[in-house]
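Q: After the structure tokens below, expect a handful of questions from me.
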Amino acid sequence: MIESGTNSGLQDLQNRILESIVRGEPLGKVARHICLGVERLVPGVICTILAVDAKGGLHTLAAPGLPDQYSHGLEGQRIGPSVGSCGTAAWRGEPVEVTDIATDPLWENFRGLGLPRDLKACWSSPIKAGDGRVVGTFAFYYRAQRGPSELERRIVEKCVGLCVIAIEHDAAQSRIHRLAYFDALTGLPNRVEFAERATRILGGEFAPGSAVNLVYVDLDDFKSINDSLGHPVGDVLLERVARRLASCAGERAFAARIGGDTFAVLDPHGADPASGALLAQKIISVLGDPFEIDAQKVTIGVSIGVVHAQAGTSLEQLAKRAEMALFEAKSEGRGTWRVFSPATETALRARRTLKQDLRNAIDAREFTLAYQPIIVLATNALSAVEVLMRWEHPSRGSISPAVFIPIVEEMGLIGTLGDWVLREACRVAASWPREIKVGVNLSPLQFRKSGFVLDVISALHQAGLPANRLELEVTESALLARDVTTRTALHDLHDFGVRLSIDDFGTGYSSLQSLRSFPFDRIKIDMSFVRDIGMDADSTAIIRAVIALARDLGMRTTAEGIETESQFDWLMRHGCDAGQGYYFGRPMRGADLQALLERTDRDDELIVPRAGDPLPSGA
């Protein structure tokens, strides 16, 4: 009768445990149900269930018959060949029966845990997952020196099977949760988990009146890392960035990956905007150190948007403001941070309006071209002109290309506008009475357009302009990735006869490598160096070195932004070939350039007056 009752009770326990698992009860609660159910079936037995982590550490899942101090004493103990009954059973992967804790050598280092609590014997069985890994132990403690009975062995066999089901189900649920709420690459919370945590915090998880700082972090030019070094390196970089970002967040804040190369940090104890700014500065500093990946140093910049708000603000509103601040940081040169303010929202609203105006202007062909002379320094003769785009806004007046070109690029319309500039410049240049060169600036994005080389050749043929009179100006940023498409396009254009110059030289990323890899005919020295001639020793030394380098490589040099006679004299004395700037003349309308070109016979050199001897009116 006793055995029949035990079998019935065991079946009932099994059914109740399986129901608990199906209902999704926590693993610890299921383990406790098992222990209490077994202790009711076998009075006098103390049942425990321990988990074994991936590093071999022991953790109590349930031990209702033992005091908490006992479980605390076991917590984190590593399994081994002589770690009591449970640690040894897990180590060996087989049951361990200790009938006398007081004398058994397996308990030598743990008698202080068992004997004071009147534990005389312990029988422990490993719990093995389907793949054979030991994931836990199931143990019976006795207050007498004895081993298990046959009935107890059958009970343990059944309960170990239940433990396997419970532990594997919990592991599967944890994997599903992790896939749903955590980023697989970086291990950080994903957008869904971030939203749930942030919503709880903003909804009053902390004291009323508390404040938070939300920081959005976006990697600058991450695509160029993937393009130049490959996606595996890009993935490693993201993982390392996440690790450093988590260290910046510390214990009081938490970081998440909310997009491809965008992260968020929420500090629920953000006292004021200044604390958010300090966190942003720390992140920029920490992420600014090079990452060593595959024996190479990889550097990445970040732009950061910060918003400070009282708890109770909606996450949607907070995220929108953080995005605005981030956008402002990127618009102002990247590698920096901005804190949201009402002025930020006003500026972005104006930017949206400007975008729509730009669409209308492109459709209506509202843009015009201006032409700035490029002068041979040794003779003052006009050798070329650089084409500059102009936009006269109906209500805002003249808008600088430095303002609207980045927006056009962002809108994906630079290909359309750039093609118009190229064709118009070739058409106008073909009508000039002199065979001077025309320089056209290219956006880095134009190289990504399929068939760009054919577009250039088509523009030359359509205008009837010889290829050697067109000089395309390329910034160093366009060459950063050194991708095959860009290199092939530049070599094809050069082979066709188009002249190439590298613009803003010295301000980019890889100047010497660019000169070695691409077929440039001319180096344009950036005006930021020219402006400091005679005032900054470093700038002066850089210009001198660039002139010498270009000469050794068989290239010509043009200095931009010449405004004073002293700058002109210094550049000429040090061998710079050509120059442009207000010292010779401001950009002029097409009609004024035409008048200038017609001053003398076609066969004579056109000498351009310098400061004090102005160009024709309207220049």
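Readers should treat all values here as calculations from the given coordinates under stated rules, not as data from a laboratory. All of these numbers come straight from a predicted model, not from anything done at the bench. Here the Cβ is made from the backbone with ideal geometry for all residues, glycine too, and neighbour counts use every protein chain on show.
Q: Any chance you could list the semi-axes, whole Å, largest first, of the equivalent ellipsoid that the Cα gyration tensor gives for region 149-258, using √(5λ)?
A: 40, 24, 11
Q: Going by a ≥ b ≥ c, the root eigenvalues of the Cα gyration tensor, does region 255-294 fall in the rounded group (a/c under 1.5), the prolate group (a/b larger than b/c) or the oblate group? Let's see the in-between values first.
A: Values: a/c = 3.41, a/b = 1.56, b/c = 2.19.
Oblate, because a/c is 1.5 or more while a/b does not exceed b/c.
Q: Within the chain, which cysteines find no other Cys whose Cβ is under 4.7 angstrom from their own?
A: Here C86, C122, C159, C163, C248, C426, C576 come out as lacking a disulfide-compatible partner, given the Cβ-Cβ threshold of under 4.7 Å.
Q: Given contacts defined as C-alpha pairs under 8 Å and at least six residues apart, what's the relative contact order of the chain, whole-number percent?
A: Values: 1066 pairs, mean separation 47.4, N = 619.
8 percent.
Q: How do 96-104, 359-367 rank on mean C-beta neighbours within 10 Å, highest first?
A: 96-104, 359-367
Q: Additional query: Using the structure shown, select from K55/K128; K55/K120; K282/K524; K282/K330; K29/K158 the pairs with a Cα to Cα distance greater than 25 angstrom.
A: K55/K120; K282/K524
Q: Turning to a different aspect of this structure: Please list the radius of gyration and Dmax for region 393-463, considering alpha-carbon atoms only, with Å as the unit.
A: When restricted to Cα atoms, region 393-463 yields Rg and Dmax of 13.9, 38 Å.
Q: Once you have the Cα-Cα distance between R351 and D536, take 0.36 nm times their residue separation minus that, and quote the gain in nm to one decimal.
A: Gain on extension, R351 to D536, equals 62.9 nm.
Q: Just to confirm my numbers, what's the Cα centroid distance between region 155-227 and region 9-79 in Å?
A: Region 155-227 and region 9-79 have Cα centres spaced 26 Å from each other.
Q: For region 261-387, just say rounded, prolate or oblate: build the C-alpha gyration tensor, square-root its eigenvalues into a ≥ b ≥ c, call rounded for a/c under 1.5, and beyond that prolate if a/b exceeds b/c, oblate if not.
A: Oblate, since a/c reaches 1.5 and b/c is not below a/b.
Q: What value does the chain have for Rg/Rh, both radii from Cα atoms and Rh as Kirkwood defines it?
A: Rg/Rh: 1.21.
Q: Would you mind classifying region 99-162 by shape? Square roots of the alpha carbon gyration tensor eigenvalues, ordered a ≥ b ≥ c; an a/c under 1.5 is rounded, otherwise it is prolate if a/b is larger than b/c and oblate if not. Write down the numbers at each step before the final one.
A: Working: a/c = 2.80, a/b = 1.58, b/c = 1.77.
Oblate, because a/c is 1.5 or more while a/b does not exceed b/c.
Q: Let me ask something else. How would you order 495-502, 246-253 from highest to lowest mean count of nearby Cβ atoms within 10 Å?
A: On the way: 495-502: 18.5, 246-253: 14.6.
Top of the packing list down: 495-502, 246-253.
Q: Using only the alpha carbons of region 367-505, what is the convex hull's orientation-averaged projected area in square nanometres?
A: 9.4 nm²
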